[in-house]
Structures are given as C-alpha cells and as structure tokens.
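Since every read-out is calculated from the coordinates, none of them should be taken as a lab result. Bear in mind the structure is a predicted one, so any value in this text is a computation, not a measurement. Cβ placement follows ideal geometry from the backbone for every residue including glycine, while neighbour counts extend to all protein chains displayed.
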Amino acid sequence: MDEKAPLQSIVNFRDVGFATGGSPALPAGRLYRCSDIAKATKEDQKYLQRTLGISTLIDLNGPLTVIGPKVNNPLQNVFLHKDRIRSFSVLDITVHEISLESQPFRDSVKAEGYEFLGRGNECTKTMQAAFDRLDWRKTTTNVLDLSKPQIQAIFLALAQQDVCPVLIYGPWVSLVLCLVLHLLGIPEEKIAHEYLLTRQHEAAMLEKVNARRREIGIEEKASLELEPKYVRHVLGHLETRYRGIDAYLESAGLTAQQLGDVKANLRGKDVRSSEKLVDVEEREVS
C-alpha cells in the first residue's frame, strides 16, 4: 500500500521560499506558512519537527485572554496576556503566540459604532459581525497602524538565533508575510503570487471558517474574498504613510541590527559576520 503524502491534515501549507522562487534572500526550507495546525495528525506533527526540522512556531491566534492573580498582589485578579503576546518552549520547539487583534485595534472597531457585547460566543458573534461590515482595506491598515507592539514581537521572534526553520500560521499570516517578504526585498509580483496560492486551498479553509460561524450563529461566507489588490494595498500604505518598510518597522520599535538579524536568519547565513570578517582582513592588510 502506498504511503499517504505528508501534511494532508494541515491546510494551505507551503514553503514560502520555494513559492517565491527560492532566491538567495529566502532559500527554500527556511520559512513555512499554513492555516492552522490545531488538527494536525501525529504523523504530520512528526513530519514538521523531524523531517522539516521546524524549530519555531509563530501562532497568530495569540494566547487566550484569561483572568489570573496579579503578580505583586495574588489576592487581586487581572487579565493575563492582555497584550496578546506569549512565548514558551515545548521540548525543542519555541512557540510565540501573538495576536495582531490588539486592544487598540479592537477599540478602533468599537469607534466605528460596533460594540462587543456579551460573553463567550455571544461576544465573538458581535465582534465577527462588526468585522464583516468593515472594508478590508481599512481593517488591514488599522492592524498595521494600531498593532505595532505585536508586529514588533513577531520580528523580534524572527531575529532570535536558531529561529529557522520557522512556521507561521493563523489569522493575518498573509499580512505578516507581506511585511517579511518586502523587508527581504522580494519583488511585489512574487509576494502577490505567493499570496494568491491560497486560492488552491480556499474550499477547505472556507469550510473551517463557516464551521466556526455556524457554531456561533452567524451567516456563512460565500468565499474568503482573496483580493488580488491586497498586496499592493499593504505595500502602498507602507510607502504612503511611512516611506517604506524599514521606516515602518522602526516605528514599531525595531532597530536596524534586529532587522539585519531577521534577514540573516531567513537567508540562512550571518551576513553581518561576513562583513565583520572582511573588515578585519582589510585592516590587517593595510
């Protein structure tokens, strides 16, 4: 009997480097994406870790917002992970849970006149209904402008030593990859090509989305509305408001050295060390 192809339980999985042409800026085998891994089989989990060597997961679903004791006063309860950021390690894998739906972003939705009322599924229902009414362009730019601490956390994770191979998944993964690929100098047409590959998996992803919508009692979506102009809109906003990706990431609190670390990690070599070595050799010769 033929063995099943790996990763059949993981929707929209791909090697981003391979999908964008395997350039020196992002070789294959360094950066992967998918929709989610919550329902991955044990076999596929082993394939991710043992065959692909995934060492870092960036989960854009973020941590659960739960109530727990205050650090300096255990008798008082506070919301934990209110910034929607948490990092931890499981065996040899580092996990970063980071949600781009920050409190300022949610407040911006409320400012449009949509209040998140109720608890649990009822709150989720009103929140999702609010998002459905908003234009995708405004929602995207609001995330870019209002969730900078979370963007910073993602890039700080990518700047860590031994971060690769890394798998990024969850909501807003296409937005995050727009930023990462643009920073690496990947041409816009290749970023757009990578983004639109998701259309091949739309049916499976749409079923997952609609299963959740049925669960909370809201109307199903007819499509994922993968906009061909999405990448152009994101990059255009970076240019118009911030004068480029580097200036945008700097406004999010990232330094040139940290961005250099991200580039070096994803390229698979430390370009900074090479530059230092050349500099030392030149000084010795002189």
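Tabulated data
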| item | result |
| --- | --- |
| ³J(HN,Hα), Karplus 6.51/-1.76/1.60, whole Hz, each residue of segment 39-53, x for Gly, Pro | 10, 5, 5, 4, 5, 6, 4, 5, 4, 4, 7, 8, 8, 7, x |
| Distance (nanometres) between label positions extended 7 Å along Cα→Cβ at E189 and A38 | 3.9 |
| Protection proxy ranking of 253-263, 13-23 - average other beta-carbon atoms within 10 Å, highest first | 13-23, 253-263 |
| Where labels lie 7 Å past Cα in the beta-carbon direction, separation of R232 and E219 in nm | 2.9 |
| Protection proxy ranking of 172-180, 244-252 - average other beta-carbon atoms within 10 Å, highest first | 172-180, 244-252 |
| Whole-Hz couplings from phi, Karplus 6.51/-1.76/1.60, listed for segment 185-195; x for Gly and Pro | x, 5, x, 4, 5, 6, 5, 5, 4, 4, 4 |
